Amino acid sequence: MNDANQEWNNHCAKQAKMTNFQTSAKHFSVQKNTDHMLKNLISGNVERVNDQLARLQFPPGSTVLDIGAGPGTLAVPLAAAGCSVTIVEPAPPMHEALAEYKKLKEVSADIQIIPKTWEDVNLDEIGKFDYIVSSFAMSVPDLKEAFLKMDAAAEKEVHIFWFLTDPPWGRINEALWTKLYGEDYYGRPLANWIWNALYQAGIYADLEVLPLKDSHIYETFEEALEEYLGRLGAKEDWQIQIAEEYLKQVFMEVPGKGFVLPEDGLYAHIWWKK
């Protein structure tokens, strides 16, 4: 069996060298991108959340560390259920979105924020938690280092949610990247590498396959085009034309909703007990 951790790390190193590559932290440091994510969450378009929460039935009073928590997609309902929640989230606009989402859900419990990426977190500073959760936040340069740090911080369980198939927005990048930049595209490494790397490290995790049910909805096509031009880093007129022609084919106009990028992928719930 190949070294899954090394394969992941090599893949991410190639990804980082791509022209105009953006990390998730950088993408969501742009206010309008965070605003759109929060809007979709509030509108109920992130349907997978109920599936995830059904698997995170932690007892009230449990301490939870949510890594890459975004606008509080899981952190806010976990806090509402009586957990003491701390989040690791590097993007400042997400901190504002979290406060807005808490207010909307009428959650008064304090949620502590560690404004860093997971690789920059020092375990000696944060201590231990009953449960560790990482939901679509495994964009890390060293996979083994990341999950061993999670394991060290957990008293009871670790739960990771990550892509098992390339999501639609990833397939958009793959379809357009070489046309725009004349170079190979390296998408997000997938969940099979995480499970294999855990196994090779002696952590025998469970894995469940779940459907991604999110729909990315935009009021106008121009709004969708603006976000995806940003994701792609496309600025030249000829690049914009290529991207626009392709996006018109993949976005569906739904009366009463707007322009929708349907989610038809799969993701993995990987978890283990201490």
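The values are calculated or read from the model by the stated rules, or taken from the named source; none is laboratory data. Quick caveat: nothing in here was measured; it's all calculated off a predicted structure. Using ideal geometry, Cβ is built from the backbone for each residue, glycine included, and neighbour counts are taken over all protein chains shown. Quick note on the areas: whole protein, heavy atoms, side chains included, nothing else; ligands and nucleic acids left out. Shrake-Rupley method; radii C 1.70, N 1.55, O 1.52, S 1.80 Å.
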Name the residues in segment 243-271 that are more than 22 Å from the chain's Cα centre (by Cα) and among the small types (Gly, Ala, Ser), would you? ALA243, GLY256, GLY258
Taking segment 226-259, which residues are open to solvent by less than 10 Å² (accessible area, probe 1.4 Å) and in contact with a His (Cβ under 9 Å, 6 or more places away or on another chain)? none
Show the residue pairs meeting these rules: Cβ distance below 7 Å; 6+ apart or different chains; first residue within segment 231-247 and at pLDDT 95 or above; second residue in a helix (DSSP H, G or I) and hydroxyl-bearing (Ser, Thr, Tyr). ALA243/TYR228; LEU247/TYR228
Out of all the residues in segment 193-225, which are assigned to a helix (DSSP H, G or I), over 18 Å from the mean Cα position of the chain (by Cα) and surrounded by 13 or more Cβ atoms within 10 Å (Cβ to Cβ)? ASN196, ALA197, LEU198, TYR199, GLN200, PHE221, GLU223, ALA224, LEU225
Among (1) under 30 Å from SER43 (Cα atoms); (2) surrounded by 15 or more Cβ atoms within 10 Å (Cβ to Cβ), the one test that PRO141 misses: (1)
Which one of these is in contact (Cβ under 8 Å) with a residue 60 or more places away in the chain, in contact with a Phe, Trp or Tyr (Cβ under 7 Å, 6 or more places away or on another chain) and either closer than 16 Å to VAL88 by Cα or of a type in the set (Lys, Arg) (or both): VAL140, VAL133? VAL140
So is ALA54 more than 15 Å from the chain's Cα centre (by Cα), surrounded by 15 or more Cβ atoms within 10 Å (Cβ to Cβ) and over 23 Å from TRP169 (Cβ atoms) or not? no
Inside segment 159-209, the number of residues satisfying the requirement of being in contact (Cβ under 8 Å) with a residue 12 or more places away in the chain and on the phi > 0 side of the Ramachandran plot is 0
Single condition THR165 does not satisfy, out of (1) more than 22 Å from GLU89 (Cα to Cα); (2) buried (at least 18 other Cβ atoms within 10 Å of the Cβ): (2)
